[in-house]
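Peer 1: Mind having a look at this structure? Questions to follow.
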Amino acid sequence: MPIAVLSITLFRVFSKAFGVRKATILENNIVQTTGSAGESIAFGVGVTMPALLLLGFEMDPWRVMTVAVLGGVLGILMMIPLRRAFIVKQHGKLIYPEGTACAEVLVAGEKGGATAKMVFVGFGIALVHKFLTAAGKLWASEPAVKLYAAEDGRTTGLKGAQAAGELSPELLGVGFLIGPRIASLMMAGAVISYFVLGPAIATFGEKLNDPVGPAQRQFRDGPGFTAVGGGPIVVVAEEAVETDPGLIKNMDPDDLRANYLRFIGAGAVAAGGIISMCRALPLIFGSIAAGLRDLRASRQAGASRAVRTERDMPMTVVLYGSLALVVILAAVKELGLGLTLQGIAGAGMILLFGFLFVTVSSRLTGEVGSSSNPISGMTIATLLLVCTIFLILGKTGHEAMLTALMVAAVVCIASSNGGTTSQDLKTGFLVGATPYLQQWAILIGAVTSALVIGLTMLFLNNAQTHYTKKGFPTDIVLTVPSDAPITRAGRPHTDDPAEYRVVHIRAAQYADLKPGRYLVDTTGHPVYRTDVPISREAKVMDNGEDAPPQFAAPQPRLFASIIEGILGGKLEWALVISGALIAVALEMCGVSALPVAVGMYLSLASSMPIFIGGLVRWMADRLRGKPKSDSEAETSPGILLASGYIAGGTLCALFVISLFNFFEPLEKFFNLGLHLFGDLNEKTGKLEWKPDSVTNAKIVSTVLFGVLAMILLWVGSRRAAPEPQRSGDEP
């Protein structure tokens, strides 16, 4: 979507500057298709690769880029036979909101007039709102209010529940496009998780003084907590029990989701996805058969017989490309598979799970959109399946953990890119593009994006890493693997010219040494411990300066804990199975389980604005009346404005994130809320402003979101104005 806007804008600038013709809608579509792969691959790489460090492996450049490239290519190959099944045969049933919105933007740029005006009005409104929210921080971006209160040891209200919403224009637009039915099913899943299961867990665990798995006791400095040999022993005073966040009674709604509800939701997503794929199998097999028939027909009568808008990449590309992926996945030793029967079987497993979850991802993006596609839930399901297979086969060693993560990482990236490819193909279908050219374009975009994203991630990790000589014994001798990488110390010890071996220490490997990444000298003694941003420990570096900020990365931690939990025999399977059985029960009641499962897995903050968007669509349709045709429904003013909301909000969010990542001082400069409303922290001597925890900022955010919804309702309840007719002598 942002690429489409940039393409239209830049091509218009070039056209006026150099006096050349304007780009056609199909040319803009190809540019948009090529550039769209980056975001999905970046997400997949970002949520999986940091888990390598948590599991005690090196984030090797070859490993990261190989996973990124192969995952991106796998997602595209798996979508080729699915295009007919989902994009063509289920047109009108699967909306693909971002793809539809992107098509509206392209059409508006081509046609101009009232169509362009409405799209770009929505784009401008969303752009300003998103910038003032994300960069200016003038009001809360995700206001939340707890639905219970604790006083004198008593809790009143719905303990463990809160009302929350990510009040962004793009999610409001997504809800409007997908309509009230799917939005309501998603909200039903959120109600099950956050207003039924969460409060039930909080109520039953209120009197417990021991953690309930998978939550663990979290030790802090203070009374009752004692550390021995780099790790804590369970000596807990009464004062510590009352504050330990690892206990259910001390958990807030976000903690309940992270420790319990996420696993239940992942089980529901896995079961709902498998059920959905089984239902789609006739369509999928029919599409594959149609592709093979087209291939035979083109060989017999020439490619000219195929209609341009129905020409996919040949099925031979899918078949031979898949076989090549299996060989490459097994051959790259950094992935932990190997060119053995077991390694090839593991690569085949990637292919199988890739096809399964690309199918689920494509269907879900059609129903609820890319922004609500639970890719991390599918990754969890992949990890559960792979680790269970390894457990049955008796492979529970550390190398099995690496293999499980690599399988899940490739499937995660494939699922993410498969969903993006679906949106692109939907856009192409609506504007009359040639599918096989789109498929080649996104293939090229995926490979180039994967290489750049892999290097960028390694750069960011290295830039935010610091080294310390404190907090560990130096008289211990470590066992150094023969293939241990060689490196130098980074900041703040860049003046040290010596080279060291990298050794990863795992839990309980050495009694007096806590897990982590160490630099070891030639005698085997640890000299530095690496403080990586995924698991930041020290707030101050050895030179007294503030340490780089910690990366907020809940998914890598979750994936690492699942792998260690299953292969270490500690995972609470009851949560996952419960979620799967909820999905089965929904299907038995005649309710489509997958959208409900998505609502169970996603945060309530994500589902709420989508639900509101769906309600606005329902009210707008009631006020406007039934459209005379499908084309009128798809180009109504409300659809155009919602498309602008999605485009403007998405583009601004991407711009702000990119700008602040590369130019950190600008984050403070644009933080208008800090300058206007910030309070001085007496301990640090710095201004602080946290709008998500300020009541007035929450109220302003809610009111402004209501204004966005009212504008959408007002515009959506109007019928489309007829386009002015061209005179006969006009070109």
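The values are calculated or read from the model by the stated rules, or taken from the named source; none is laboratory data. All values derive from a computational prediction rather than experimental measurement. Every residue, glycine as well, gets a Cβ built from its backbone with ideal geometry; the counts of neighbours run over all protein chains shown.
Peer 1: Quick check on my filter: what residues within region 497-521 are charged (D, E, K, R) and without any contact (Cβ under 8 Å) to a residue 60 or more places away in the chain? Spell out the reasoning first.
Peer 2: Filtering region 497-521 down to residues charged (D, E, K, R) leaves 499, 501, 506, 512, 514, 517, 521.
Across region 497-521, the qualifying residues are Glu499, Arg501, Asp521.
Peer 1: Quick one: would you say Gly346 is in the same structural domain as Ala103 (by TED's automatic domain parsing), modelled with pLDDT under 85 and out of contact with any Pro (no Cβ under 9 Å at 6 or more places or on another chain)? Walk me through how you get there before you give the answer.
Peer 2: Details: in the same structural domain as Ala103 (by TED's automatic domain parsing): yes; modelled with pLDDT under 85: yes; out of contact with any Pro (no Cβ under 9 Å at 6 or more places or on another chain): yes.
Considered against the rule, which asks whether it is in the same structural domain as Ala103 (by TED's automatic domain parsing), modelled with pLDDT under 85 and out of contact with any Pro (no Cβ under 9 Å at 6 or more places or on another chain), Gly346 comes out as yes.
Peer 1: Please enumerate the residues belonging to region 59-83 that are under 17 Å from Ser361 (Cβ atoms) and charged (D, E, K, R).
Peer 2: Arg83, the sole residue that qualifies.
Peer 1: While we're here: Sort out which residues of region 479-495 are among the aliphatic types (A, V, I, L, M) and in a loop (DSSP other than H, G, I, E, B), and write them in order of number.
Peer 2: Matches in region 479-495: Val480, Ala484, Ala489.
Peer 1: Conditions first: (1) buried (at least 18 other Cβ atoms within 10 Å of the Cβ); (2) at pLDDT 80 or above. Glu310 passes all but one, so which condition is the exception?
Peer 2: (1)
Peer 1: For region 166-184, which positions are closer than 25 Å to Ala583 by Cβ and either among the acidic types (Asp, Glu) or surrounded by fewer than 24 Cβ atoms within 10 Å (Cβ to Cβ) (or both)?
Peer 2: Glu166, Gly179, Pro180, Arg181, Ser184 - these are the residues of region 166-184 that are closer than 25 Å to Ala583 by Cβ and either among the acidic types (Asp, Glu) or surrounded by fewer than 24 Cβ atoms within 10 Å (Cβ to Cβ) (or both).
Peer 1: Now a separate question. In region 135-164, how many are exposed (fewer than 15 other Cβ atoms within 10 Å of the Cβ) and in a loop (DSSP other than H, G, I, E, B)?
Peer 2: Filtering region 135-164 for residues exposed (fewer than 15 other Cβ atoms within 10 Å of the Cβ) gives 145, 149-154, 156-157.
Checking the rest, the ones that are also in a loop (DSSP other than H, G, I, E, B) come to 152-153.
Looking only at that region, the number is 2.
Each row is one residue, and each column tells you yes or no for (1) crowded, with 24+ Cβ neighbours inside 10 Å; (2) of a type in the set (Ser, Thr, Tyr); (3) in contact with a strand residue (DSSP E or B) (Cβ under 8 Å, 6 or more places away or on another chain).
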position: Leu351; (1), (2), (3): no, no, no
position: Phe355; (1), (2), (3): no, no, no
position: Thr359; (1), (2), (3): yes, yes, no
position: Leu364; (1), (2), (3): yes, no, no
position: Val368; (1), (2), (3): yes, no, no
position: Ile380; (1), (2), (3): yes, no, no
position: Ile389; (1), (2), (3): no, no, no
position: Ile392; (1), (2), (3): no, no, no
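Peer 1: Please pick out the residue among Ala498, Ala508, Ala583, Ala574 that is part of a loop (DSSP other than H, G, I, E, B) and on the phi < 0 side of the Ramachandran plot. Quick ask: steps written out before the conclusion?
Peer 2: On the way: Ala508 fails: on the phi < 0 side of the Ramachandran plot; Ala583 fails: part of a loop (DSSP other than H, G, I, E, B); Ala574 fails: part of a loop (DSSP other than H, G, I, E, B).
Going through Ala498, Ala508, Ala583, Ala574 in turn, just one is part of a loop (DSSP other than H, G, I, E, B) and on the phi < 0 side of the Ramachandran plot: Ala498.
Peer 1: Looking at Lys137, Lys130, which is the one that is at positive phi and assigned by TED's automatic domain parsing to the domain that holds Leu659?
Peer 2: Details: Lys130 fails: at positive phi.
Sole residue among the options that is at positive phi and assigned by TED's automatic domain parsing to the domain that holds Leu659: Lys137.
Peer 1: If Val327 meets every condition in (1) crowded, with 20+ Cβ neighbours inside 10 Å; (2) modelled with pLDDT of 85 or more apart from one, which number is that one?
Peer 2: Only one criterion is unmet by Val327, namely (1).
Peer 1: Inspect region 531-539 for any residue being of a type in the set (Gly, Ala, Ser), surrounded by fewer than 17 Cβ atoms within 10 Å (Cβ to Cβ) and either under 30 Å from His398 (Cα atoms) or in contact with a Gly (Cβ under 9 Å, 6 or more places away or on another chain) (or both) and give the result as yes or no. Don't jump to the end; show me each part of the working.
Peer 2: Initially, region 531-539 is screened for residues of a type in the set (Gly, Ala, Ser), giving 535, 538.
Next, from what is left, pick out any that are surrounded by fewer than 17 Cβ atoms within 10 Å (Cβ to Cβ): 538.
If we keep only those that are either under 30 Å from His398 (Cα atoms) or in contact with a Gly (Cβ under 9 Å, 6 or more places away or on another chain) (or both) as well, we get 538.
Yes; the residues of region 531-539 include at least one that is of a type in the set (Gly, Ala, Ser), surrounded by fewer than 17 Cβ atoms within 10 Å (Cβ to Cβ) and either under 30 Å from His398 (Cα atoms) or in contact with a Gly (Cβ under 9 Å, 6 or more places away or on another chain) (or both).
Peer 1: Now a separate question. Checking Ala101 against (1) more than 27 Å from Ala37 (Cβ to Cβ); (2) modelled with pLDDT under 90, which test does it fail?
Peer 2: Result: Ala101 fails condition (1) only.
Peer 1: Tell me whether region 112-134 contains one or more residues that are under 25 Å from the mean Cα position of the chain (by Cα), surrounded by fewer than 22 Cβ atoms within 10 Å (Cβ to Cβ) and under 30 Å from Ala409 (Cβ atoms).
Peer 2: yes
Peer 1: So which of Ile274, Ile201 ends up being outside any loop (DSSP other than H, G, I, E, B), at pLDDT 85 or above, closer than 26 Å to Gly377 by Cβ and within 30 Å of the chain's Cα centre (by Cα)? Working first, answer last.
Peer 2: Details: Ile274 fails: at pLDDT 85 or above.
Within the list Ile274, Ile201, the selection yields Ile201.
Peer 1: Give me the pairs: first residue in region 522-540 and farther than 22 Å from Thr479 by Cβ, second residue polar (S, T, N, Q) and outside any loop (DSSP other than H, G, I, E, B), beta-carbon distance under 7 Å, and six or more apart or on different chains, which are they?
Peer 2: Matching pairs, first to second residue: Asp531/Thr468; Pro533/Asn461; Ala538/Thr468.
Peer 1: If I filter region 433-442 for residues that are surrounded by 17 or more Cβ atoms within 10 Å (Cβ to Cβ), in a loop (DSSP other than H, G, I, E, B) and in contact (Cβ under 8 Å) with a residue 40 or more places away in the chain, do I get at least one hit?
Peer 2: Checked region 433-442: at least one residue is surrounded by 17 or more Cβ atoms within 10 Å (Cβ to Cβ), in a loop (DSSP other than H, G, I, E, B) and in contact (Cβ under 8 Å) with a residue 40 or more places away in the chain.
Peer 1: For Ala163, which of the numbered conditions (1) farther than 13 Å from Ser607 by Cβ; (2) touching a strand residue (DSSP E or B) at 6+ places or on another chain (Cβ under 7 Å); (3) touching a residue at least 12 places away in the same chain (Cβ under 8 Å) fails to hold?
Peer 2: (1)
Peer 1: Does Val503 qualify as being surrounded by 14 or more Cβ atoms within 10 Å (Cβ to Cβ) and among the hydrophobic types (A, V, I, L, M, F, W, C)?
Peer 2: Criteria met by Val503.
To keep it simple, each residue is scored yes or no on (1) of a type in the set (A, V, I, L, M, F, W, C); (2) on the phi > 0 side of the Ramachandran plot; (3) buried (at least 24 other Cβ atoms within 10 Å of the Cβ).
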| position | (1), (2), (3) |
| --- | --- |
| Ile25 | yes, no, no |
| Asn29 | no, no, yes |
| Gly38 | no, no, no |
| Phe43 | yes, no, no |
| Pro61 | no, no, no |
| Met78 | yes, no, yes |
| Phe86 | yes, no, yes |
| Leu94 | yes, no, no |
| Ala101 | yes, no, yes |
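Residue-by-condition table, conditions (1) among the hydroxyl-bearing types (Ser, Thr, Tyr); (2) closer than 21 Å to Val196 by Cα; (3) buried (at least 24 other Cβ atoms within 10 Å of the Cβ); (4) at pLDDT 90 or above:
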position	(1), (2), (3), (4)
Met588	no, yes, no, yes
Leu594	no, yes, yes, no
Ile610	no, yes, yes, yes
Leu654	no, no, no, no
Asn661	no, no, no, no
Lys668	no, no, no, no
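Peer 1: Now a separate question. Considering only region 529-550, how many residues are outside any loop (DSSP other than H, G, I, E, B) and touching a Lys or Arg at 6+ places or on another chain (Cβ under 6 Å)? Give the steps one after another, and end with the answer.
Peer 2: So the first thing to find is which residues in region 529-550 are outside any loop (DSSP other than H, G, I, E, B), and the list is 529-531, 533-535, 540, 546.
Going one step further and asking which of them are touching a Lys or Arg at 6+ places or on another chain (Cβ under 6 Å), we end up with 530.
Residues meeting the conditions: 1.
Peer 1: Sort through Thr434, Thr403, Thr421 and tell me the only one that's touching a helix residue (DSSP H, G or I) at 6+ places or on another chain (Cβ under 8 Å) and either within 17 Å of Leu26 (Cβ to Cβ) or not assigned by TED's automatic domain parsing to the domain that holds Val45 (or both).
Peer 2: Numbers: Thr403 fails: either within 17 Å of Leu26 (Cβ to Cβ) or not assigned by TED's automatic domain parsing to the domain that holds Val45 (or both); Thr421 fails: either within 17 Å of Leu26 (Cβ to Cβ) or not assigned by TED's automatic domain parsing to the domain that holds Val45 (or both).
Sole residue among the options that is touching a helix residue (DSSP H, G or I) at 6+ places or on another chain (Cβ under 8 Å) and either within 17 Å of Leu26 (Cβ to Cβ) or not assigned by TED's automatic domain parsing to the domain that holds Val45 (or both): Thr434.
Peer 1: Checking the condition modelled with pLDDT of 85 or more and assigned by TED's automatic domain parsing to the domain that holds Met406, which residue from Ile95, Ile80 passes?
Peer 2: On the way: Ile95 fails: modelled with pLDDT of 85 or more.
On inspection, the qualifying residue turns out to be Ile80.
Peer 1: Would you mind listing the helices (runs of 4 or more DSSP H) fully within region 306-395 where at least 1 residues are within 23 Å of the chain's Cα centre (by Cα)?
Peer 2: Working: elements: 315-331, 341-368, 375-393.
Fully inside region 306-395 and qualifying: 341-368, 375-393.
Peer 1: If you don't mind, there's one more thing I want to ask. State all residues of region 398-439 that are farther than 27 Å from Pro97 by Cβ and among the charged types (D, E, K, R); if no residue qualifies, say none.
Peer 2: Once the filter is applied, which keeps residues that are farther than 27 Å from Pro97 by Cβ and among the charged types (D, E, K, R), region 398-439 yields only Glu399.
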